[in-house]
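Peer 1: I'd like to ask some things about the structure below.
The values are calculated or read from the model by the stated rules, or taken from the named source; none is laboratory data. Here the structure is a predicted model, which is why all the values come from computation and not from measurement. In this analysis, Cβ positions are derived from the backbone assuming ideal geometry, glycine residues included, and neighbour counts consider all displayed protein chains. Note: accessible area is taken over every heavy atom of the protein model, side chains too, but ligands, DNA and RNA are not part of it. Shrake-Rupley method; radii C 1.70, N 1.55, O 1.52, S 1.80 Å.
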Amino acid sequence: MQPITNNKNVLNKLTDIVARQARRYGCRPAVDFIDENGGKSSLSWTEIDERVNAVAAALETLGLEPQQAVAVFSANRPEILFTDFACYANRAIPVSIYSTSSESQVEYIVNDADCRYIFVGDQRQYEIARKVLHNSFSLERIILMSDHIKTAKGDCDSMKFSSLLELGRKASDMCRKAVESRRSEASADDIATLIYTSGTTGEPKGAVLPHSCFNAVIDMHVERLTMLSDSDTSLCFLPLSHIFEKAWTYFCLYMGMHVTINENPKEIAKAVKSVKPTCMCSVPRFWEKVYAGIQDKLAGISGFRKAFIMKAIAIGRRRNLDYARLGRKAPWWLESLYRFFDKKVFTPLRCAVGVNNGNIFPTAGAPISPKIVEFFHSIGINVMVGYGLSETTATVTCFPTVNYVIGSVGTLMPQLQLKIGNEGEILVKGPTVMRCYHNKPEATAEAFTEDGWFRTGDAGYIGPEGDLVLTERIKDLFKTSNGKYIAPQVLESRLGEDRFIEQVAVIGESKKYVTAIIIPAFEALKEYARKHKISFKSLDDLVRNSEIIKMISERIEELQKGLAGFEKIKKFTLLPKEFTIESGELTNTLKIRRPVINRHYAKEIAAMYA
């Protein structure tokens, strides 16, 4: 994988970022990390710079060449950042693999990217890497990022991260000079990374993102997000293998922010309360869960207290959406009421979530209900909705500071161009768009128009204020047997508002009407059953109970108000177990794999059309 040209006049931001910040901030805390047991540690900019330099020297000593690929197969941990930036120092290409990936997925990516080394974070990943190493034509060594990993007897192909650091610290002057030479030769046309798409349909594709993409995306965010500074703190909890979190964390480090890495995604709610981030990127599901939790609490309140809170939300909505959103000053009486309710209701509520010091909270990756966005803005939580793809180095659009339109995904980022093509498809052009799909010339040709616009695969339209509104994912769009088009993500997003619903898969391709497979929020459902004296021995009993089914049916009907008759879910099936990555029903980014769900639940689906 060689650069197309040799543009040495552009400094690669990722190549120099850590060294530059170490010179600027020195011993100031830069990265904290919360381990699986809840323990918290901190590293300064100087300490991170030392580790990056050590890993860079060690990789050069081991024989890593410029533009060679290195696989990083781990859940979030600080060693990922050391490895990424050490690779950039060597002009090499770190390739992130989701920690939940299967052996076949890892083997595919390692072989497709021609990876020479693989870094792993836990025992399961080590075992998979061992199998892949024996079947791979390129893989030579496994590097263990955790000291808790137990190596197999006779394993001569693995080394601990601590040993890698020691190797780098003892590296010769010649080795260090070689790394510095590579830094100085870095080009904006060098490939920075390959981001493999989640593969909802077919095998993953590696989007080739050169350093020029990251240079541009950082500049764009600096220009757009003027409310952020090195006084902000960010919590990194989405996988660093996800382009959204990767690009966001790089931007935060570029800004000199204090970043906390959460290693255990199951403890995110606890981590948010502990860290109290001022900014944090997330997917809509995080805010859906927070919203459902708040609605659950409100459902248990009555009388004057309930009326007081609902009045507060109404005042918050008027002040923040009718005035602040539009850049207008609220009348004195409304501002006074808002400040009163902010102190009495909103501040305690934000403290309970952990975002009482909130600045902005970018969210993207899937549709989010406008009702949920309105709610959070009403209580003073700035959920900044955006849109982007792996192929565009994340952000294409996001809410502006004022005049954002709820229900949209914001306005176009600087330096980018956007237009609507055939079938309403969103087309993008600009410096953050990928170069190609690695080793896939046919897929690359299909991804671009003849005049160079990238086909996003999403449909939408541009509103009167220049805001982009998504309507559907073109590949997800299906037609019923009556010839009516259905956008399943819109329905799934609506149902996601409900505190009793955890996951939804909308069905109806070539069928007479629309149905759904629904995974309830089991804890909320159990609580409801206990409160209404509904007996059950298992989750199976619970989801088959007629009272439960009736309750869910009524809630679905309420959520579907305003939809055309043909769009509405006519029947549904409740399941006693979640869709999982391991079963193949979800991608590593938690998107639904509809063909797999249709196959796994063919019997249940057939029953809804019997």
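Peer 1: Return the residue satisfying two criteria in turn: it lies in the stretch 273-289 and is in a helix (DSSP H, G or I) and touching a Ser or Thr at 6+ places or on another chain (Cβ under 8 Å), and of such residues it is farthest from residue 404 (Cα to Cα).
Peer 2: 275
Peer 1: Looking at the stretch 461-494 only, could you name the residues that are open to solvent by 40 Å² or more (accessible area, probe 1.4 Å) and of a type in the set (S, T, N, Q)?
Peer 2: Across the stretch 461-494, the qualifying residues are 471, 481, 482, 489.
Peer 1: So, of the residues in the stretch 564-587 that are touching a strand residue (DSSP E or B) at 6+ places or on another chain (Cβ under 9 Å) and either among the aliphatic types (A, V, I, L, M) or modelled with pLDDT under 85 (or both), which turns out to be farthest from residue 74 (Cα to Cα)?
Peer 2: Selected residue: 569.
Peer 1: Right, next: For the stretch 432-471, enumerate the residues that are over 20 Å from residue 365 (Cα atoms), within 25 Å of the chain's Cα centre (by Cα) and without any contact (Cβ under 8 Å) to a residue 40 or more places away in the chain.
Peer 2: Within the stretch 432-471, 444, 448, 453 qualify.
Peer 1: Return the residue satisfying two criteria in turn: it lies in the stretch 17-42 and is touching a Lys or Arg at 6+ places or on another chain (Cβ under 8 Å) and crowded, with 17+ Cβ neighbours inside 10 Å, and of such residues it is farthest from residue 173 (Cα to Cα).
Peer 2: Per the criteria, the residue is 34.
Peer 1: Follow-up question, since we're still on this one. In this structure, does residue 442 turn out to be at positive phi and open to solvent by 60 Å² or more (accessible area, probe 1.4 Å)? Before the answer, list the steps.
Peer 2: Numbers: at positive phi: no; open to solvent by 60 Å² or more (accessible area, probe 1.4 Å): yes.
In short, no.
Peer 1: Name every residue in the stretch 310-327 that is under 28 Å from residue 524 (Cα atoms) and open to solvent by 60 Å² or more (accessible area, probe 1.4 Å), in order of residue number.
Peer 2: Matches in the stretch 310-327: 310, 311, 317.
Peer 1: Right, here's the next one. Scan the stretch 379-403 and report the pairs whose first residue is more than 19 Å from residue 448 (Cβ to Cβ) and without any contact (Cβ under 8 Å) to a residue 40 or more places away in the chain and whose second residue is open to solvent by 10 Å² or more (accessible area, probe 1.4 Å) and among the aromatic types (Phe, Trp, Tyr), with Cβ atoms within less than 9 Å and a gap of 6+ or a chain change.
Peer 2: Every condition considered, the pairs that remain are 381/375; 384/404; 385/404; 386/244.
Peer 1: Only one residue in 578, 527, 585, 557 is of a type in the set (Asp, Glu) and open to solvent by less than 40 Å² (accessible area, probe 1.4 Å), so which one is that?
Peer 2: Within the list 578, 527, 585, 557, the selection yields 585.
Peer 1: Part of a loop (DSSP other than H, G, I, E, B), in contact with a strand residue (DSSP E or B) (Cβ under 7 Å, 6 or more places away or on another chain) and under 30 Å from residue 487 (Cβ atoms): which single residue out of 362, 400 fits that description?
Peer 2: Result of the check over 362, 400: 400.
Peer 1: Here is a follow-up. Scan (1) open to solvent by 20 Å² or more (accessible area, probe 1.4 Å); (2) of a type outside the set (Ser, Thr, Tyr); (3) part of a loop (DSSP other than H, G, I, E, B); (4) within 15 Å of residue 388 (Cα to Cα) for the single condition residue 434 breaks and write down its number.
Peer 2: (1)
Peer 1: Here's a follow-up. Across the stretch 403-416, which residue is farthest from residue 431 (Cα to Cα) among those that are aliphatic (A, V, I, L, M) and assigned to a loop (DSSP other than H, G, I, E, B)?
Peer 2: Going through the qualifying residues, I end up with 405.
Peer 1: Open to solvent by less than 70 Å² (accessible area, probe 1.4 Å), assigned to a helix (DSSP H, G or I) and either modelled with pLDDT of 95 or more or farther than 30 Å from residue 473 by Cα (or both): which single residue out of 330, 292, 269, 307 fits that description?
Peer 2: None of the others qualify; the one that does is 307.
Peer 1: Something else now. Select from the stretch 125-144 the residues that are in contact (Cβ under 8 Å) with a residue 40 or more places away in the chain, within 27 Å of the chain's Cα centre (by Cα) and open to solvent by 10 Å² or more (accessible area, probe 1.4 Å) and list them in ascending order.
Peer 2: Within the stretch 125-144, 128 is the sole residue that qualifies.
Peer 1: Same structure again: Can you give me the number of residues within the stretch 409-431 that are within 22 Å of the chain's Cα centre (by Cα), open to solvent by 20 Å² or more (accessible area, probe 1.4 Å) and closer than 26 Å to residue 372 by Cβ?
Peer 2: Residues flagged as within 22 Å of the chain's Cα centre (by Cα), open to solvent by 20 Å² or more (accessible area, probe 1.4 Å) and closer than 26 Å to residue 372 by Cβ within the stretch 409-431 amount to 2.
Peer 1: Take residue 122 and tell me if it is open to solvent by 10 Å² or more (accessible area, probe 1.4 Å), out of contact with any Lys or Arg (no Cβ under 6 Å at 6 or more places or on another chain) and not polar (S, T, N, Q).
Peer 2: It is true that residue 122 is open to solvent by 10 Å² or more (accessible area, probe 1.4 Å), out of contact with any Lys or Arg (no Cβ under 6 Å at 6 or more places or on another chain) and not polar (S, T, N, Q).
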